[in-house]
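A.B. asks: Below: one structure in structure tokens.
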Ligand code: TXA
Ligand code: MG
């Protein structure tokens, strides 16, 4: 089997109804989607991705109203965040209703929900009687795909169809929010920042995973890693000789051949940087460099924090499990 890349929403809907998995565009990254109530289809997602079964999936929903069908005991703050940011790059972790299979939630009593902001995927969801469980459409431990072609390169032989919605507009995965009894808590940084969230619901906590806190399973440190060794350096730090590359934010590295460098945004635009990050890492990863040197964005904004989070995880270079 080799995937077809196309823009036929009805075809994607038909395949999903038959229990197949289909890659779908979202504004963050591409997802690998299955009917969330079809446990065989859901298990195919885990197989195709080689994802360990302790790592739960996000359920993509057509509207905020579906929250109540899949989740219960929904805090007011969750409703306020959904109203403010959906459709959009925000995932809410809520107590699940019985109808949601444990296969989707990896045995957890909570379910992660998101209404994605992509016209094709919203149209697709509106044609279905079920929601779509979908992790990012990359092999487990590798960089998330931001184009249909990225999906084709890695999963093309395992799925029938890739719905092509163009390059992802945001480029990094959604912000994930859970709810402790006392306050919302950020579980994964994203382009919706802590201050964006606090404007809507007041003070929130953050508990993003570190090696010392493997509580949110999918937030394993190496989750976004390329195969080439990645080394974090200061923007102007000297780089040893060798066949090496540099990935910077706004400024070229003074001693590296510019053909071996990528800048995330020459104008210093943080959104452009997020949009370019994964494609840049993929491109450099394909060139067989001994090492990719990369520097963090020295900017205190929450958006920069999300990008730096992904770069830091990629640079952990633990084996891509
Ligand atoms: O932007 C996104 O969120 C993309 C697009 C496709 O929607 N999806 C995505 O999915 O990044 P994935 O599977 O690569 O990452 C989902 C994360 C994982 O780290 C997983 O552990 C966490 O969400 N997650 C899912 N359900 C959870 C739950 N019930 N409690 C805590 N974390 C959960
Ligand atoms: Mg992922």
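The numbers here are math on the coordinates, done by the rules we state, and not lab data. Here the structure is a predicted model, which is why all the values come from computation and not from measurement. We place every Cβ from the backbone using ideal geometry, glycine too, and count neighbours over all the protein chains shown.
A.B. asks: Could you check the spin-label model distance between residue 4 and residue 129? Points 7 Å from the Cα along Cα→Cβ, value in nm.
C.D. replies: Distance between the two pseudo-spin positions: 2.5 nm.
A.B. asks: If you don't mind, another one. Quick one: if the Förster radius is 41 Å, what FRET efficiency do residue 233 and residue 17 give, using the C-beta to C-beta distance and rounding to 0.05?
C.D. replies: Result of the calculation: an efficiency of 0.25.
A.B. asks: Give the angle, between 0 and 90 degrees and rounded to the nearest 10, that separates the Cα long axis of helix 76-85 from the longest principal axis of the Cα atoms of the chain.
C.D. replies: Computed tilt is about 60 degrees.
A.B. asks: A further question on this structure: For residue 73 and residue 290, compute 0.36 nm times the residue count separating them, minus their Cα-Cα distance, and round to one decimal in nm.
C.D. replies: On the way: separation 217, 0.36 × 217 = 78.12 nm, distance 5.10 nm.
Length gained, residue 73 through residue 290: 73.0 nm.
A.B. asks: Sorting 313, 79 on the 10 Å Cβ count, fewest up front, what's the list?
C.D. replies: With the sparsest Cβ surroundings first, the list reads 79, 313.
A.B. asks: Just to confirm the number: angle between the C-alpha axis of helix 270-286 and the first principal axis of the chain, 0 to 90 degrees, nearest 10?
C.D. replies: The angle comes out near 70 degrees.
A.B. asks: Right, another one. So in the chain, what percent of DSSP beta bridges are antiparallel if you round to the nearest 5? It would help to have the intermediate numbers written out before the result.
C.D. replies: Numbers: 17 of 40 bridges.
Rounded to the nearest five, the antiparallel share is 45 percent.
A.B. asks: Using the Cα atoms of segment 1-48, I'd like the radius of gyration and the largest Cα-Cα distance, Dmax, both in angstrom.
C.D. replies: For segment 1-48, the Cα-based Rg and Dmax read 10.6, 27 Å.
A.B. asks: By how many nm would the segment from residue 251 to residue 110 grow when fully extended, if each residue of separation counts as 0.36 nm and the alpha-carbon distance is taken off?
C.D. replies: Working: separation 141, 0.36 × 141 = 50.76 nm, distance 4.30 nm.
The span from residue 251 to residue 110 would gain 46.5 nm if fully extended.
A.B. asks: Work out, step by step, the length gained on full extension between residue 269 and residue 98: first 0.36 nm times the residue separation, then minus their alpha carbon distance; give nm to one decimal.
C.D. replies: 57.2 nm
A.B. asks: How far, in degrees from 0 to 90, does helix 39-49 lean away from the longest principal axis of the Cα atoms of the chain, to the nearest 10?
C.D. replies: Roughly 10 degrees between the two axes.
A.B. asks: Right, here's the next one. Based on other C-beta atoms within 10 Å, arrange 28, 44, 7 from fewest to most.
C.D. replies: Details: 28 28, 44 18, 7 13.
Least crowded to most crowded, the residues run 7, 44, 28.
A.B. asks: Going by Cα centres, segment 268-321 and segment 48-82 are how many Å apart?
C.D. replies: 27
A.B. asks: Given the Cα atoms of the chain, and with Rh set as the inverse mean 1/r over their pairs in the Kirkwood sense, what is Rg to Rh to two decimals? List each step's numbers first, then the result.
C.D. replies: Working: Rg = 19.1 Å, Rh = 19.9 Å.
Here Rg/Rh amounts to 0.96.
A.B. asks: What is the order of 187, 92, 16, fewest Cβ neighbours within 10 Å to most?
C.D. replies: Placing the least packed residue first, the sequence is 187, 16, 92.
A.B. asks: Find the centroid of the Cα atoms in segment 226-244 and in segment 113-186, then give the distance between the two in whole Å.
C.D. replies: 30
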